[in-house]
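Student: Dropping the structure in here first, questions after.
The values are calculated or read from the model by the stated rules, or taken from the named source; none is laboratory data. Bear in mind that the values here come from a model prediction, so they are computed numbers and not experimental data. Don't worry about glycine lacking a Cβ; one is built from the backbone with ideal geometry, like all the others, and counts go over all protein chains shown.
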Amino acid sequence: MKVISIFFSLFFFITYGFSQDTVIFVSGNKLAITTYYKDTTNNNTFIVKTLKGKYKSIHKEEIFSFVKSSGEENIVFEPFEDQNDEFTIENMKIYIKGEQTALTNSKTRLAFLSGFAIGMASPILLSSIGANYLLYAPVPIATTNFITGLTIPSEQSVLKKYPKQATNKFFMEGYRYTSKNKRLNSSIKGGLIGLGVGIISSIIISRISQ
């Protein structure tokens, strides 16, 4: 009897212990969860339980669908009432696929290194000419991030990587705009890290030169 009991306990653990659902956001991001349900106090909100056992409240407009471990998908996204709106459920799926592809495959190393280099150089150069680097060093970083935020990958560059998506404008739009935001975030992160390194370096250089 003990062997049978252990067997069924093990079977239950393997079957349900590792099962998890996934939240697919309209931003292309994913979140693994163990369960979800609609908030009884707000019809526009879902409550999800993460794998760490924490409960989170997510607004309905942020969610495209819930995907169960079995593969069954519960679509939450609702197209706008405007009949001319092109973001149908199917088109939104393709757009999100473009977003997810960009989140996984688009490269941001150059944006990070550029932000880091400018962030590090700014306080060092300003300190060398006697300027207040704590006050003015963020200006070049902000300018770099502003320019990065204005740039977006060209359709030609995306088509070189994904020629099969040549006629799929929703994939293209999802990929290009997500790639732009990913590069911007990387540039900001690199700039902040570089700024910290630059300030520390400026202090060290200043003390050595005294």
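Student: Sort out which residues of the stretch 63-119 are among the acidic types (Asp, Glu) and in a loop (DSSP other than H, G, I, E, B), and write them in order of number.
Tutor: Pass one, the stretch 63-119, residues among the acidic types (Asp, Glu): 72-73, 78, 81-82, 85-86, 90, 99.
Correct list: Glu72, Glu78, Glu81, Asp82, Asp85, Glu86.
Student: Looking at Pro140 and the list (1) surrounded by fewer than 19 Cβ atoms within 10 Å (Cβ to Cβ); (2) under 18 Å from Gly174 (Cβ atoms), which single condition is not satisfied?
Tutor: For Pro140, the failing item is (2).
Student: I would also like to ask the following. Can you tell me which residue is surrounded by the most Cβ atoms within 10 Å (Cβ to Cβ) among those in the stretch 126-137 that are small (Gly, Ala, Ser) and assigned to a helix (DSSP H, G or I)? It would help to see each step written out before you state the result.
Tutor: From the stretch 126-137, those small (Gly, Ala, Ser) are 127-128, 130-131, 137; that's our starting set.
Narrowing the set further to residues that are assigned to a helix (DSSP H, G or I) leaves 127-128.
Values: Ser127: 21, Ser128: 13.
The residue in question is Ser127.
Student: Just wondering, is there one or more residues in the stretch 158-170 that are small (Gly, Ala, Ser) and in a helix (DSSP H, G or I)?
Tutor: Applying the first criterion (small (Gly, Ala, Ser)) to the stretch 158-170 yields 166.
This time we only want the ones that are in a helix (DSSP H, G or I), so: none.
No, the conditions are met nowhere in the stretch 158-170.
Student: Look through Pro123, Pro153, Pro140 and report the one residue that is in contact (Cβ under 8 Å) with a residue 12 or more places away in the chain, assigned to a loop (DSSP other than H, G, I, E, B) and either in the same structural domain as Ile203 (by TED's automatic domain parsing) or under 30 Å from Ser201 (Cβ atoms) (or both).
Tutor: Details: Pro123 fails: assigned to a loop (DSSP other than H, G, I, E, B); Pro140 fails: assigned to a loop (DSSP other than H, G, I, E, B).
Just one listed residue meets the conditions, Pro153.
Student: Separate question: Would you confirm whether any residue within the stretch 105-125 is among the β-branched types (Val, Ile, Thr) and more than 30 Å from Glu90 (Cβ to Cβ)?
Tutor: yes
Student: Right, here's the next one. Output the residues belonging to the stretch 84-125 that are under 13 Å from the mean Cα position of the chain (by Cα) and aliphatic (A, V, I, L, M).
Tutor: Within the stretch 84-125, Ile96, Ala102, Leu103 qualify.
Student: Hey, another quick one. What are the residues in the stretch 22-43 that are part of a strand (DSSP E or B) and of a type outside the set (A, V, I, L, M, F, W, C), if any?
Tutor: Restricting attention to the stretch 22-43, the residues satisfying the condition of being part of a strand (DSSP E or B) are 22-25, 30-38.
Across the stretch 22-43, the qualifying residues are Thr22, Lys30, Thr34, Thr35, Tyr36, Tyr37, Lys38.
Student: When residues of the stretch 69-91 are filtered for being modelled with pLDDT of 90 or more and closer than 18 Å to Leu31 by Cβ, how many remain?
Tutor: Residues meeting the conditions: 6.
Student: Looking at Lys161, Lys189, which one is touching a residue at least 12 places away in the same chain (Cβ under 8 Å), surrounded by 12 or more Cβ atoms within 10 Å (Cβ to Cβ) and within 30 Å of Ser206 (Cβ to Cβ)?
Tutor: On the way: Lys161 fails: within 30 Å of Ser206 (Cβ to Cβ).
Being touching a residue at least 12 places away in the same chain (Cβ under 8 Å), surrounded by 12 or more Cβ atoms within 10 Å (Cβ to Cβ) and within 30 Å of Ser206 (Cβ to Cβ) holds for just one of Lys161, Lys189, which is Lys189.
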